[in-house]
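Asker: The structure follows.
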Amino acid sequence: MMSFGFFRRMLFFLCLGMVILLSWTPVFAQEGDSAHIELILDASGSMWAKLGKSTRIEVAKEALNKIIDDLSERKGIAVGLRVYGHRTNDCKDTKLEIPIGPLDAKKMKKFINGIKPKGKTPIAYSLEQAARDFMIDFKGNRIVILVTDGLESCNGDPCAAAKALAEKGIVSKIHVVGFGMDKKSVSQLECIVKPSGGLLLEANNADELAKAFDTIVKTALDVNLEVKGLDKKGNPSSMTVTIMKDGDEVLSESGETVRQNVPEGSYLIRAVASGTEEEIFFEGVDLVSDQLTSLEAVFSLSRIQVRGVDSSGRPVNVSWEIFLKENRETPEREFSATDWKTEILAPGEYFVRGTHQETKAVQSFDLALADGDQVKKELSFAQGKLVIKTLDSSGKPLYTDSNVYKSPYDRDNPEEVDRDGGETHEYILVPGTYDIVVRDNSTKVEQWIKDVVIDGGKTVRREVSFAQGKLIVACLDSNGKPLYTDSNVYKSPYDRDNPEEVDRDGGETHEYILVPGTYDIVVRDNSTKVEQWIKDVVIDGGKTVRREVSFAQGKLIVACLDSNGKPLYTDSNVYKSPYDRDNPEEVDRDGGETHEYILVPGTYDIVVRDNSTKVEQWIKDVVIDGGKTVRREVSFAQGSVKLTGKGFSGKPVYFYVDAFASPAGEEENPILSESGEGEYSFIMVPGKYDLKVHTDLPPTVIWEREVEVVPGKKIAREFNFPAARTRFIPPQKDGERTYVYVDVFVHPADENEDLAASESGHDEYIQIFLVPGTYDFRIHDDDGNEVWFRGIELAADETFSKEVKYEE
């Protein structure tokens, strides 16, 4: 622990006369620092179970309404509600019904009172989804309160889900209330609360449930001391907080924010910054039980560690100078060291320079320190040599200038190491990788030498030739006459995001003097806005390359007709072929009954769109030649399809239809998806289609292959979905029907076989539609009663009805 006197000596370098014991004023918690609570409520079918004279769900609703009233009286509390098992019997039936935010008690109680339990218990999936419910910018505690009357029933792993929420810092605490469960089952929920240090409480009646909620809320929210660690920028800072009374330590806790419930009294509180060990004391802090005292420990010291090493990585004697960045004449600190040396500095921007005392080699770096920073920097003073010779087109020495930069070269923030001028350039460099630019000032030509690796004690030699070649580009119009154009030359390959332009010119003929290399050239006719590229042009020293670019154009005419062969107004777009859906290169667009395009020679893809029907047709791979006309005719004649679906007893059934171009592939996407009950009609362009027709009652799929749609004609198809109906009447207990589960298996049923269907409830009867066949039925309830009906043969349109009696 840093002594009081040593701390004052450190602060002396920052500000003479600073007093270490800071005064303080209580700051009450604001809404931005509130706790964020998500209630997760079990609304599975078992919540209908009796509890005293009521049911579990009714008791839970009453207790939740009370705790919502309690929370509504607290300021700065954000509350949300997630429910599972209340809509379907699906294992993914969980929904954030009320997002986390300011508590609207009336709205939340109204929703809770309307919940009707129905499905399963997907605890793991609900916790996984809860990770999305807490926004990244939520400050303060983030708390989950889970109320469940049973264990996971969907093969999930709630233990792993809770552990992930805690380890990733998504939630602060997860508390669980096991409601109406035996002690053995409740103990299996411990793994959910353990990773976050939450509470696991058991409740078997209304009073115990209300008490459990009260305990959780007081534990989560009733704190009377909060200490925040900050730097002077307001950023969180890690620290250790020690609370002392009468010279004795009461408790100690580390973190960016420490929140505790401390007995009433007067305390001395010490905050020690992690890394810098700066201390801040708060004296005479009076704490009371029903008022939050909030303190801010603002730290202002930073630390830097430096040392120099030789080629073998051994420490060497280095003289160090630390300057303020804006004043490099007078150092703020001077010292020598043969190994790591630590200096404490005020936050700010500095320039640090180290001189190897034996070789006098110098290295430097810029340093930016924020509050609480601890920077460690090691410099290597092993050096190597770089020798660069430059030659002209005749191979004779050429006077040039050069600059050496640390690699990779950053155009926006280049880190220059050295510069030189002459016919031969020699550099003494510390080991590393460098990029060098060599410049012939007479021609303004630059050449780069990239990724030059310098090793300590070694010499690297490079030779740069400024021998040049010529590029001549002639441009012609449709009649073969000279055409005025503009052009730009880029180093190849051309990078759209970061193009490296070499030169540009305008005229009927463009002449470029270029250093040897490969180039991409774009030529532009400004009157038509047409561009043409010449790619991968290789230039050799002393040679001339000639290119001729023709801007002769062709014409494309597209005529559009309706079902009667009359002109039809449409829109069209022309793209360069092949059409790329992710990055389409549009050339032109038009609208009308006839579309005319003037295009440069090339291959194009055209889409024509009838906006009244939303139908599109493509014309692919259209080749345009200079001076020629291409004509295309597009017909939008259409036909209609009428589908009828019948189910149990020939009654209309709700069905779905997906249409595919025939033949349909296994993973192909449908070109049309529709649905309707009993009968559905739709319009399609002529062609052959495969129709996939399916229904959910019962799940059945029928394919109709190679259905041919003819212009102006209607095609009708009828689909019969054979179905049998089963009805199971739940037994009565105390004048009410009990809640039962019906599981359906294909006969003969194996113990581990997958369900063919399932349903549950306590209505007059439980109804399930099935495909005709032979089935085994298992009926059971939450009390462990079970009965099987095996080998039940069901024919189409047949109804099987059975009253459930467990003694069977």
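Asker: Check each of the trypsin sites (Lys or Arg not before Pro) in the range 344-421 and keep only those in coil by DSSP with at most 14 other C-beta atoms within 10 angstrom; list them in order. Show your work: numbers first, answer last.
Answerer: Numbers: sites: R353, K360, K376, K377, K385, K389, K406, R411, R419; in loops: K360, R411.
Within the range 344-421, the qualifying trypsin sites (Lys or Arg not before Pro) (loop, at most 14 other Cβ atoms within 10 Å) are K360, R411.
Asker: Report the per residue volume, in Å³, of the convex hull enclosing the C-alpha atoms of the chain.
Answerer: 279 Å³
Asker: Let me ask something else. What trypsin sites (Lys or Arg not before Pro) in the range 155-230 are in a loop by DSSP, with at most 11 other Cβ atoms within 10 Å of the Cβ?
Answerer: Listed in order of number, the matching sites are K168.
Asker: Which of the lysines could be linked to K245 by a straight reach, that is with a Cα gap under 24 Å, when you skip same-chain ones fewer than 8 residues away?
Answerer: Cα-Cα hits under 24 Å: K228.
Asker: Among DSSP bridges having both ends in the chain, what percentage is antiparallel? Round to the nearest 5. Mind showing how you got there, number by number?
Answerer: On the way: 196 of 269 bridges.
Here the antiparallel bridges make up roughly 75 percent for the chain.
Asker: Right, something else. So if we plug the beta-carbon distance of K75 and D580 into 1/(1 + (r/R0)^6) with R0 = 35 Å, what FRET efficiency do we get, rounded to 0.05? Show your work: numbers first, answer last.
Answerer: Numbers: r = 56 Å, r/R0 = 1.61.
For K75 and D580, the calculated efficiency is 0.05.
Asker: State which helices in the chain qualify, where a helix is a whole DSSP H run, it must extend 18 Å or more along its own axis by its Cα atoms, and its mean Kyte-Doolittle hydropathy must be at least -1.0.
Answerer: What comes out of the filter, once short or polar helices are dropped, is 56-72, 206-221.
Asker: If the chain between E706 and D588 were fully stretched, how many nm would it gain, using 0.36 nm times the residue separation less the Cα-Cα distance?
Answerer: 38.8 nm
Asker: Return the FRET efficiency for the residue pair V623, K53: r is the Cβ-Cβ distance, R0 is 60 Å, and the value is rounded to the nearest 0.05.
Answerer: It comes out at approximately 0.10.
Asker: Loop-only chymotrypsin sites (Phe, Trp or Tyr not before Pro) in the range 557-653, please: DSSP not H, G, I, E or B, and at most 13 other Cβ atoms within 10 Å.
Answerer: Of the chymotrypsin sites (Phe, Trp or Tyr not before Pro), the ones in loops of the range 557-653 whose Cβ has at most 13 other Cβ atoms within 10 Å are Y569.
Asker: Extension gain E531-E256, at 0.36 nm per residue separation less the Cα-Cα distance, in nm? Can you show the working numbers first?
Answerer: Details: separation 275, 0.36 × 275 = 99.00 nm, distance 5.91 nm.
Additional length available on full extension: 93.1 nm.
Asker: Hey, can you find the accessible area per residue of the chain for me, probe 1.4 Å, expressed in square angstrom?
Answerer: 53 Å²
Asker: Turning to a different aspect of this structure: Send over the per residue convex hull volume for the range 649-702, Cα only, as a whole number of Å³.
Answerer: In the range 649-702, the Cα convex hull volume per residue is 91 Å³.
Asker: Let me ask you something else. Quote the FRET efficiency, to the nearest 0.05, computed for D734 versus K802 with a Förster distance R0 of 30 Å and r equal to the Cβ-Cβ distance. Mind showing how you got there, number by number?
Answerer: Working: r = 22 Å, r/R0 = 0.74.
For R0 = 30 Å, the calculated efficiency reads 0.85.
Asker: Here's another thing I want to ask about it. At what distance in nm do the modelled label points of F111 and S758 sit from each other, each positioned 7 Å from its Cα along Cα→Cβ?
Answerer: It works out to 2.7 nm between the two label points.
Asker: I would also like to ask the following. With only alpha-carbon pairs counted, each pair once and no self-pairs, how large is the Kirkwood hydrodynamic radius of the range 531-615 in angstroms?
Answerer: 15.8 Å
Asker: If you average the alpha carbon positions of the range 760-798 and of the range 312-371, how far apart do those two centres end up, in angstrom?
Answerer: 83 Å
Asker: Let me ask something else. Taking a cut-off of 30 Å between Cα atoms, list the lysines near K620, but don't count ones fewer than 8 places away on the same chain.
Answerer: K529, K535, K555, K566, K576, K628, K688, K692, K713, K714
Asker: Cα centroid distance between the range 632-679 and the range 71-91, in Å?
Answerer: The range 632-679 and the range 71-91 have Cα centres separated by 41 Å.
Asker: Also: Taking every pair of distinct Cα atoms and averaging 1/r, then inverting, what Kirkwood hydrodynamic radius in Å comes out for the range 321-455?
Answerer: One decimal place: 17.3 Å for the Kirkwood radius.
Asker: Evaluate the relative contact order of the range 300-453 (contact order divided by residue number), counting alpha-carbon pairs under 8 angstrom at least 6 apart; express in whole percent.
Answerer: Worked out over the range 300-453, it gives 20 percent.
Asker: So for the range 184-310, averaging the separation of alpha carbon pairs under 8 Å that are six or more residues apart and normalising by length, what relative contact order in percent results?
Answerer: 24 percent
Asker: Quickly estimate the mean residue ellipticity at 222 nm for the chain, helices only: each DSSP H run with n ≥ 4 gives -39500 (n - 2.57), and the total goes over all residues, rounded to 500.
Answerer: Calculated at 222 nm, the ellipticity per residue is -3000 deg cm²/dmol.
Asker: What's the extension gain from T215 to T459 if we count 0.36 nm per residue and subtract their Cα-Cα distance? Spell out each step's value before the answer.
Answerer: On the way: separation 244, 0.36 × 244 = 87.84 nm, distance 7.49 nm.
Taking T215 through T459 to full extension adds about 80.3 nm, to one decimal.
The values are calculated or read from the model by the stated rules, or taken from the named source; none is laboratory data. Note that this is a predicted model, so its numbers are computed, not measured. Virtual Cβ from ideal backbone geometry, glycine too; neighbours counted across all protein chains shown. Keep in mind that these areas ignore ligands, DNA and RNA; they rest on the heavy atoms of the full protein, side chains included. Shrake-Rupley method; radii C 1.70, N 1.55, O 1.52, S 1.80 Å.
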